[in-house]
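Enquirer: Please see the structure below; I have some questions.
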Amino acid sequence: MPKVLFIVGPAGCGKSTSSRLIAQRLGAAYIDKDTVATGFTEALLTLAGTDPQERDNNAYYQAHVMDLEYETILRIATDNLALGRDVVLDAPFGRYLGRVNYLREAAQRYGWSDDVQPVVVHVAVNGEAVRTRLIERGLERDAWKLAHWDEFWAKASNTDCAWEGAEHVGLDNTAEQPDVEAVIRALGLPGAHQ
């Protein structure tokens, strides 16, 4: 039964590190929205006459590009699921987390078979650690978040995932490395280390 794992949490929480480790541990396909979409997203934003680095406060990106990014990674996930491969999706999914039927709609839209098992992995870390990580990684797309930290963190820390039709597990990423083995154990997967 192929699994599609949605690794969710605010920017800087450690989604990418966690996603890579989980994908490696499971031997799953790893799909990173930034890797897949950054090139075409920056080109589209430039052509539209907007800042190619701005996402959070860019009306054009929000209205015309963001959905395309997510549709693209879900299509790539669908190709892998059809081959019977587990998939790990590294993307925040922030806009969509409040939509209760998001996973059911995705399964129907992309033709996922009934045996596909969605799993949502919630990466948890405190706000000061997130802020420090955003500063350390030094990406231009994080400039708005850091300049408007209170506004960003108030929204990011109060975004709950309402998705039904999935198993939900937590991943503590407050230590040096995320506790991937806890996720493997929670999912009851073979080879979990005790």
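Enquirer: Scanning for something touching a helix residue (DSSP H, G or I) at 6+ places or on another chain (Cβ under 6 Å) and either farther than 19 Å from S16 by Cα or loosely packed, with under 15 Cβ neighbours inside 10 Å (or both), does segment 75-84 turn up at least one residue?
Expert: Scanning segment 75-84 turns up at least one residue that is touching a helix residue (DSSP H, G or I) at 6+ places or on another chain (Cβ under 6 Å) and either farther than 19 Å from S16 by Cα or loosely packed, with under 15 Cβ neighbours inside 10 Å (or both).
Enquirer: Restricting to helices (runs of 4 or more DSSP H) lying wholly in segment 39-157: which have 3 or more residues that are over 16 Å from the mean Cα position of the chain (by Cα) and at pLDDT 95 or above? Explain how you work it out, then say what you get.
Expert: Numbers: elements: 66-82, 102-110, 127-137, 143-147, 149-156.
Helices (runs of 4 or more DSSP H) meeting the threshold: 66-82, 102-110.
Enquirer: Can R55 be described as touching a residue at least 40 places away in the same chain (Cβ under 8 Å) and of a type in the set (K, R)? Full working, then the answer.
Expert: Details: touching a residue at least 40 places away in the same chain (Cβ under 8 Å): yes; of a type in the set (K, R): yes.
It is true that R55 is touching a residue at least 40 places away in the same chain (Cβ under 8 Å) and of a type in the set (K, R).
Enquirer: A further question follows. For segment 161-178, which residues satisfy the criterion of being over 17 Å from K3 (Cα atoms), touching a Leu at 6+ places or on another chain (Cβ under 8 Å) and surrounded by fewer than 17 Cβ atoms within 10 Å (Cβ to Cβ)?
Expert: Residues satisfying the conditions are A162, Q177.
Enquirer: What are the residues in segment 97-151 that are in contact with a Lys or Arg (Cβ under 7 Å, 6 or more places away or on another chain), among the aliphatic types (A, V, I, L, M) and either closer than 24 Å to L74 by Cβ or surrounded by fewer than 12 Cβ atoms within 10 Å (Cβ to Cβ) (or both), if any?
Expert: Result: V119, V123.
The values are calculated or read from the model by the stated rules, or taken from the named source; none is laboratory data. Worth saying up front: this structure is predicted, and the values here are computed from it rather than measured. Cβ sites come from the backbone with ideal geometry, for glycine too, and all protein chains shown count toward neighbours.
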